[in-house]
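The values are calculated or read from the model by the stated rules, or taken from the named source; none is laboratory data. Computed from a predicted structure; not experimentally measured. Counting neighbours? That spans all protein chains shown, and the Cβs are built from the backbone with ideal geometry, glycine included. These area figures cover heavy atoms from the full protein model, side chains too; ligands, DNA and RNA do not enter into them. Shrake-Rupley method; radii C 1.70, N 1.55, O 1.52, S 1.80 Å.
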Number of protein chains: 4
Amino acid sequence: MIVVMKAHATEDEIQTVVRMVEEQDYRAHVIRGVERTVVACVGEERGEHELGHLESLAFVDRVMPVLRTFKLAAREVRPEGSRIAVDGVEVGGKRLAVIAGPCAVESREQVEETALAVKRAGAHMLRGGAFKPRTSPYAFQGMEEEGLRLLKDAGRKAGLPVVTEIMDPHDIDLVMEYADVLQVGARNAQNFSLLRRLGKVRKPILFKRGMSTKIEEFLMAAEYILSEGNPNVILCERGIRTFETATRNTLDLNAVPLLKEWSHLPVIVDPSHGTGIWSLVTPMSLAAVAAGADGLLIEVHPNPAQARSDGPQQLKPERFAQLMAALKPVAEAVGRSL
Amino acid sequence: MIVVMKAHATEDEIQTVVRMVEEQDYRAHVIRGVERTVVACVGEERGEHELGHLESLAFVDRVMPVLRTFKLAAREVRPEGSRIAVDGVEVGGKRLAVIAGPCAVESREQVEETALAVKRAGAHMLRGGAFKPRTSPYAFQGMEEEGLRLLKDAGRKAGLPVVTEIMDPHDIDLVMEYADVLQVGARNAQNFSLLRRLGKVRKPILFKRGMSTKIEEFLMAAEYILSEGNPNVILCERGIRTFETATRNTLDLNAVPLLKEWSHLPVIVDPSHGTGIWSLVTPMSLAAVAAGADGLLIEVHPNPAQARSDGPQQLKPERFAQLMAALKPVAEAVGRSL
Amino acid sequence: MIVVMKAHATEDEIQTVVRMVEEQDYRAHVIRGVERTVVACVGEERGEHELGHLESLAFVDRVMPVLRTFKLAAREVRPEGSRIAVDGVEVGGKRLAVIAGPCAVESREQVEETALAVKRAGAHMLRGGAFKPRTSPYAFQGMEEEGLRLLKDAGRKAGLPVVTEIMDPHDIDLVMEYADVLQVGARNAQNFSLLRRLGKVRKPILFKRGMSTKIEEFLMAAEYILSEGNPNVILCERGIRTFETATRNTLDLNAVPLLKEWSHLPVIVDPSHGTGIWSLVTPMSLAAVAAGADGLLIEVHPNPAQARSDGPQQLKPERFAQLMAALKPVAEAVGRSL
Amino acid sequence: MIVVMKAHATEDEIQTVVRMVEEQDYRAHVIRGVERTVVACVGEERGEHELGHLESLAFVDRVMPVLRTFKLAAREVRPEGSRIAVDGVEVGGKRLAVIAGPCAVESREQVEETALAVKRAGAHMLRGGAFKPRTSPYAFQGMEEEGLRLLKDAGRKAGLPVVTEIMDPHDIDLVMEYADVLQVGARNAQNFSLLRRLGKVRKPILFKRGMSTKIEEFLMAAEYILSEGNPNVILCERGIRTFETATRNTLDLNAVPLLKEWSHLPVIVDPSHGTGIWSLVTPMSLAAVAAGADGLLIEVHPNPAQARSDGPQQLKPERFAQLMAALKPVAEAVGRSL
């Protein structure tokens, strides 16, 4: 930590800071600049003893952390990168992991038709929502347990592991029965109670970045899962909220190489939510893979114009098949396979 | 809803839209413009039958809603405005409600000293966190049940009702035992499972806007609580996330008059989180009240430089007393009392 | 400047940084932390020798500036605050400066009627655009020189100095002939060529913050004017661009006390652009003054529903008079006068 | 345009709107909904007669445009896409256009060495700044005319056309003498005076999106150039400003396929400014091309650690050569060549 004093801080004030810093088990180095004095603090910056509260002193200008605060998620912990196994599929290896399926499970026919179609096109996992976080309480909220059952059946029929969202800590046991991967949605990206509980399960967690979560905060939130004992975290960039209204979100592909640089966790991309517009899903899928993503999460629906949620961003099965065909040479161009 | 067709949509395509719209129980009016045809759809726009999925049709350009989607939160429902009673204190009337106290409960002495000081300065309720949503899992997470107990004791001693944050649905019964008002923090602003459960309790909910929640979405999220039967929702603006880094958040005071125009729910403002800088708390408190806020939520700590969380934004008791003194004439200038 | 080394930087790499830093006339202090080494650099941080380029070295993690980079705009330069005289009106003193008038000059009748009405209601200056920066090239672009003439005539008739926008360096001489204050709009907030030229004139500059300009950058841009010799800069907060779409911009009132803390320059607020909604203009005007603003810039039009630009945010003269009446007690409550 | 009336608008108020709309040469269709009446207005929405000012009427809730407002930039104008010729290089065809060079021209050696190196690696044009828009007036501002001369000489030596930024309308003639393409930077993205003047020259304009410019506004700003008669506009996505601070900007690759869908103008991407971090430049270059970009703008410097501006994002020549090698298979995978 670096504590920057105000311009006219007195020697007494500087010594007050030194004393307070040392009480927190840091060593203090006073550096006297042309206009300002800074106190450089050496110690365990990422533990419980933060120094941010020193900013409440009238003679302190700012406290600047030196280290990024995640530990277990940091690249240094596993320089070769993590590979997460999901029922025969590996996420984080040379082969890309493509997860596809409807936004919401709506009926047995709908989810089975989709499962078989995406399997045929080359997908590796099936997604589908049974509990849906909808902006309006009057909108379709998902089929709940019945939806989980239909999803699992469809996955079994198509030979695909299944991914579904968990919203409520009360539902963990239920969802665990049916799902191979538990997804945490963007709206729960800093629901630390839920994350902590998911740190106690063993199944992989597909963890989506929040709409306004900084990359460092995203890794800190992942750290809640990791620090409770579950190492199986797959990060997912799904678009952030910006001033731009032409797209539903702004897919932040910068996050892909940066997350790969900072962390050993696998990173996948959701261009369906990231754009909100079906015609952008294919180009942004190719871009995500070119940027280094380990996989994709794509919404596919047999009839998007009748979908009960997120119609505008879902692909028809035949368009998804075209996407997979277009993806293959791009994957190979960056040394990956499908 | 207004469905805007693409420029060269054929008559057949227009009729497809008309048919699909009418299947959803809307009446369709086709309006042929110079360059585009639009289909205006008359019906219950805020129910389960949305038309957004029509954007997945290649010949549809955009679907634009006409109505704002909240119902129970809308001003029309109670044009005179809601007043919410908390143990003798009223929120939403002529008198402002000032809620003050430490970010986190840290010890019996700390919370009692603060409670007595803020009471003396004129506060109407006591706040204090026992479960803390911290960015890092390694940071202080709150004293949990012990903290709730200390908070309640301090409130009783000072004669102040108490407000505390609830993060996990599993804790509702526990928190209900101690708190007079349950607070939902910014990170749970779209935790719909939690909101739904809080719709089933009777105690008032102090509901904070999320860091990236639009005003319309904020009211839709409040609607989750209202629609489950709890009408006692107090909205709280606490700053949004923008590109600006000089302040912790950007306190969006535009939201105050706009929420008052759109909704009957009381609106309070949290300038402590909204700025993150103690020296800005007083001016922004005055501004909030001048803009029409029904109350304030302010962090006060006997020794901010030793606080275990959010030190830089907490006021010392004497500064809080000065704030209250400065607030009085501003309140009166806009026809309110303290 | 603080240079943070990467985790496994070697002694050689550290010495390379030390050498490079010293070549730029800084003194280097090496501080060896638990995990990282940092090199603290003492020197003239705000001159031409920045150290940011060191981030291009593979063994450097980050370079963090210690000082804010503005000099002439800094509070320290004139702790008592600047007062700027405009033809008998003072901006930055105890008395607030209220500038009102139409978005655009549209006709002699329109601008004169407005001038007389705002004068009667207590305004101190008249505003009106003759060159309009419109998003669309097909929209009304202003009356240009004829507009300047009408504005000046109306100001003279009402006894008010006039403020108008300058967009093009080629127009400086022309605008100088007619205007008492030259306004730089949000879209030109980082048009450094224009700012530099305005540093060479003597008339006061009303300088608006850009839509995505950080507060520190705003002061750095003001520094372009100041450093060329024109000390008469009035800062204007006019709303920033965020994800919120319910209002045209997000008026950032946090900026008011922060700018007053960091700089000696007067600060006024434009709630018309800051909200884009006429019904929010009065509450946000009161809030701005309560937050410490030195004045207001308000759009008034005799018939907003016929205005050729920005109709939704312009006040009718009678509403402006009500605003001024409501403002008086708030101004007095914070020790100011109208 | 769709005018949405307030909930309890009277028949008289509806007729007032109808009358006002028809005075502006629109035909009005009144549609009476369950809760609201809307007035659909058919006419030339993109001309001078906007209807936005109707929002100033107390009985009007909102005015919603139906059409996007750009005309000459719209895809419909040239469905096959524009190709812009620059001295033998074509931008917008099957072959990608790669523009590379230093952020700023610093010396004859520096720019020549870079020119030869990027030419050798396969670049098609040389970039280099002679007039630099720097946040601080105390930072290096560019070599001005001497820089233009060195840039042109280096381009000629390497056989590359040259691109350089124009900031001030007064410099147009000067820059025209030396440059093959004139660049407008992000800070001038809505400097309409400059854009209008560039609409009168014949040379191609490389037009960068502003930090907070929406895609529709970006095209409207391009329309300022097009509508004055210069059809040679190359759009450039260079990152937008968001809450994320880990990267200098958030490169918005969604903009690439969306701009290609909405407009016929070529689109290139600047990953150097878009990320601000040299190690992200290569992955984001590959991603940009995979998303459909027509070219790249990349900063290359022989010694970034000594660069006088933007060091952290400039590539060394050998890294640029690696980038070009990595780009080739990706370009081919999406049907393009280098």
A 31 angstrom limit on the alpha carbon distance is what I want to check against. Which of A:K214/C:K6; A:K94/C:K214; A:K328/D:K203 exceed it? A:K94/C:K214; A:K328/D:K203
Going by a 1.4 Å probe on protein heavy atoms, which residues of segment A:273-304 end up with at least 10 Å² less accessible surface in the whole assembly than in their chain alone? A:I277, A:W278, A:S279, A:L280, A:P283, A:M284, A:L286, A:A287, A:A290, A:A291, A:P304
Mind checking which lysines have their C-alpha under 18 Å from B:K157, skipping anything on the same chain fewer than 8 residues away? B:K119
Segment A:50-180, relative contact order in percent, only Cα pairs under 8 angstrom and at least six apart counted: 20 percent
Given a 1.4 Å probe, the accessible area of the protein assembly as shown per residue, as a whole number of Å², is 31 Å²
Can you give the extra length, in nm with one decimal, that the chain gains between D:E145 and D:S279 once fully stretched, where that is 0.36 nm per residue apart less the Cα-Cα distance? 45.0 nm
Of C:I240, C:M220, C:N191, which is farthest towards the positive pole of segment C:176-247's charge dipole, taken about the Cα centre with +1 and -1 on the beta-carbons of Lys, Arg and Asp, Glu respectively? C:N191
Just want the answer: with Cβ charges of +1 for Lys and Arg and -1 for Asp and Glu, which residue in C:V4, C:F59, C:F70 is farthest toward the dipole's positive end in segment C:1-72? C:F70
Across peptide C:254-262, what mean number of C-beta atoms from other chains lies inside 10 Å of a residue's C-beta? 6
Antiparallel bridges, percent of DSSP beta bridges restricted to chain D (to nearest 5): 40 percent
Return the chain B residue and its Cβ-to-axis distance, rounded to the nearest Å, for the rotation relating B to A. B:S212, 2
Quick one: label points 7 angstrom along Cα→Cβ at A:N303, distances to the other copies in nm, smallest first? 5.4, 6.9, 7.0
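Take the solvent-accessible surface of the protein heavy atoms, probe 1.4 Å, and return the percent of it on the protein assembly as shown that carbon and sulfur atoms account for.
47 percent
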So how much slack lies between A:Q15 and A:K94, counting 0.36 nm per residue of separation and subtracting their Cα-Cα distance, in nm? 23.0 nm
Cβ crowding within 10 Å averaged over residues, with D:212-219, A:302-309 ranked highest first: D:212-219, A:302-309
Would you mind listing the distances between the B:R78 label point and the same position in each other copy? Use 7 Å along Cα-to-C-beta, nm, one decimal, shortest first. 5.1, 5.2, 6.0
Using alpha-carbon pairs under 8 Å, 6+ residues apart, how would you state the relative contact order of chain B in percent? 16 percent
Gyration tensor (alpha-carbon) shape descriptor, segment B:78-192, a/c threshold 1.5: oblate
Per-residue mean of C-beta atoms belonging to partner chains within 10 Å, peptide B:55-64: 5
Buried on assembly, segment C:1-18 (at least 20 Å² less accessible surface than by itself, 1.4 Å probe): C:I2
Got a number for the accessible area of D:F192? Probe 1.4 Å, square angstrom, nearest 10. 10 Å²
Tell me, how many Å apart are the Cα centres for segment C:294-308 and for segment B:7-64? 38 Å
Summed over the other residues with a beta carbon less than 13 angstrom from that of A:F320, with K and R at +1 and D and E at -1, the charge totals +2
Rounded if a/c under 1.5, otherwise prolate or oblate - the protein assembly as shown, Cα gyration tensor axes: rounded
Label point 7 Å beyond Cα along the C-beta direction, distances from D:R156 to other copies (nm, shortest first): 5.5, 7.8, 9.1
Where nothing but the Cβ of Lys and Arg (+1) and of Asp and Glu (-1) is charged, how large is the charge dipole of segment D:77-174 around its Cα centre, in debye to the nearest 20? 560 debye
With 5 Å bins from 0: P(r) over segment C:13-69, alpha-carbon pairs, percent: 4, 19, 33, 28, 12, 4, 0
Once the Cβ-Cβ distance between C:K203 and A:A58 is put in as r, and R0 is 41 Å, what FRET efficiency do you end up with, to the nearest 0.05? 0.60
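Antiparallel as a % of all DSSP beta bridges within the protein assembly as shown, to the nearest 5?
40 percent
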If you rank C:D180, A:D294 by how much accessible surface each has, with a 1.4 Å probe, what is the order from largest down? C:D180, A:D294
Report Rg(Cα)/(2.2 N^0.38 Å) for chain C, keeping two decimals. 1.15
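How big a patch of accessible area, both sides summed and in Å² to the nearest 100, lies buried between D and C at a 1.4 Å probe?
The contact between C and D buries close to 4800 Å².
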With a ≥ b ≥ c taken as the square roots of the eigenvalues of the C-alpha gyration tensor of segment B:174-259, please select rounded if a/c is under 1.5 and otherwise prolate if a/b is larger than b/c or oblate if it is not? prolate
Across peptide C:185-195, how many C-beta atoms of other chains are within 10 Å of each residue C-beta, on average? 6
Give the cross-link partners of C:K152 among the aspartates and glutamates, using a straight C-alpha distance below 18 Å as the criterion and excluding same-chain residues fewer than 8 apart. C:D87, C:E106, C:E109, C:E112, C:E113, C:E144, C:E165, C:D171, C:D173, C:E177, C:D180, C:E299
